[in-house]
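Only the coordinates and a few stated rules stand behind these numbers; no lab work does. Because the structure is predicted, anything quoted here is derived from the model rather than measured. When we count neighbours, we look across all protein chains shown, and the Cβ atoms used for this are built from the backbone with ideal geometry, even at glycine.
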Amino acid sequence: MANNRLAVKLPGLELKNPVMPASGTCWYGQEFAQNFDLNVLGSLVIKSTTIQPRDGNPKPRTTETTGGWLNSNGLQNVGVDQVVGAKLPWLATNFPQLPVIGSAAGFSIEEYVTIVQKLNHAPNINAIELNVSCPNVAHGGLAFGTDPQTVEELTKQCVAASQVPLYVKLTPNITDIVEIALAAQRGGAAGLTMINTLTGLSIDLNTRKPALGNGTGGLSGPAIKPMALAMIHKVRQVSELPIIGVGGISSAEDVLEMMMAGANAVQVGAANYHDPLSCPKIIAQLPTVMDFYGIDNLAQIQGAQF
Ligand code: SIN
């Protein structure tokens with residue numbers, strides 16, 4: 001490993017650095033690959049996959065807010081058969097060394113299990129996120145991710161069906177995220193990804209209607225970083241599961257902050273909307289910023305520092 005001061009090892013994932021684009025912010029990598037060499041990434045998380053292809057929610061689906069973005073894509077995606085038959089093979093052919101994380105979003109436990117089984121057929125899937133936290137669909141998503149018993153059972157059945165480690169992606173739209181984190185842990189999750197977006201609303205003063213076609217959307221970006229940090233830190237106090245931190249990261253300093261709160265790796269989401277080169281820029285900045293703060297390697301700051 002060329003620069004192993006950035007290296008991070010997680011279940012299923014030997015990462016040369018801890019930075020990966022969050023699900024839905026780089027789709028299947030094809031557009032990003034026109035801007036930079038995807039091999040610089042620690043990993044890449046593909047867009048959440050449902051059984052059937054989905055056209056998504058009514059447009060507009062994204063709007064900028066103060067300090068963040070609202071999205072309501074409605075789990076738009078090409079469906080699991082296309083993902084396994086075309087999108088993942090494209091990544092495997094063009095970036096055979098890149099660890100890829102799948103993402104499953106079902107509307108019943110059975111659907112999650114089927115998606116996990118199908119994603120397991122792709123040779124380049126190293127781990128799978130169970131997205132039980134999409135705020136933009138009427139069924140599934142939050143309805144699963146806010147109920148501890150459902151999260152435990154769903155995780156348990158998916159773990160039994162999977163040959164690769166599973167990470168459960170948690171919603172912040174709940175009173176106590178710890179309950180759901182512990183439910184995922186009891187279900188056998190290998191790790192947690194946290195946090196997904198917070199439900200928000202933006203109103204167009206001209207039309208006097210919501211700016212997004214679906215009404216509400218999920219808020220991401222710098223505005224949510226303090227909440228992500230607080231929730232990661234809270235979960236870190238009660239669980240030793242690896243945490244992939246996500247929520248408002250746009251600089252190498254943010255990466256270190258999230259790791260000091262208790263994360264083991266990070267995902268970059270909304271920053272990719274502003275600048276598709278965010279991930280490579282953050283990765284390139286990391287050694288200099290680590291030098292500045294006297295950090296020799298990331299292992300030193302993994303897990304809670306306080
Ligand atoms: C969406 O597709 O609406 C966003 C996915 C998510 O927030 O999990």
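Listed values, structure above:
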item	result
Global form of the chain, assessed from the alpha-carbon gyration tensor, a/c cut-off 1.5	rounded
Size of electric dipole in the stretch 137-196: Cβ of Lys, Arg +1 and of Asp, Glu -1, about Cα centre, debye, nearest 20	180
Inter-label distance, nm, simple model (7 Å from Cα along the C-beta direction), residue 93/residue 59	2.9
Relative contact order, percent, the stretch 80-174 [alpha-carbon distance under 8 Å, six or more residues apart]	29
Antiparallel %, DSSP beta bridges [both residues in the stretch 147-306], to 5	40
For the chain, share of DSSP beta bridges that run antiparallel, in % to the nearest 5	40
Protection-proxy order for peptides 89-96, 143-150, 213-220, each taking the mean of Cβ atoms within 10 Å per residue, highest first	213-220, 143-150, 89-96
The chain: DSSP helices with Cα axial extent of at least 18 Å and average Kyte-Doolittle hydropathy no lower than 0.5	278-292
Potential extension, residue 86-residue 179 segment - 0.36 nm per residue separation minus Cα distance	29.7 nm
Over the chain, relative contact order from alpha-carbon pairs under 8 Å, at least 6 apart, %	19
Percentage relative contact order, the stretch 180-306, counting C-alpha pairs under 8 Å, at least six apart	23
Using a Förster distance of 30 Å, the FRET efficiency for residue 161-residue 299 (Cβ separation, nearest 0.05)	0.40
Alpha carbon convex hull of the stretch 128-212, projected area averaged over orientations, nm²	6.0
Residue 206-residue 36 pseudo-label distance in nm [points 7 Å out on the Cα-to-Cβ vector]	3.4
Cα-centred dipole magnitude for the chain, charges only on beta-carbon of K, R (+1) and D, E (-1), debye, nearest 20	260
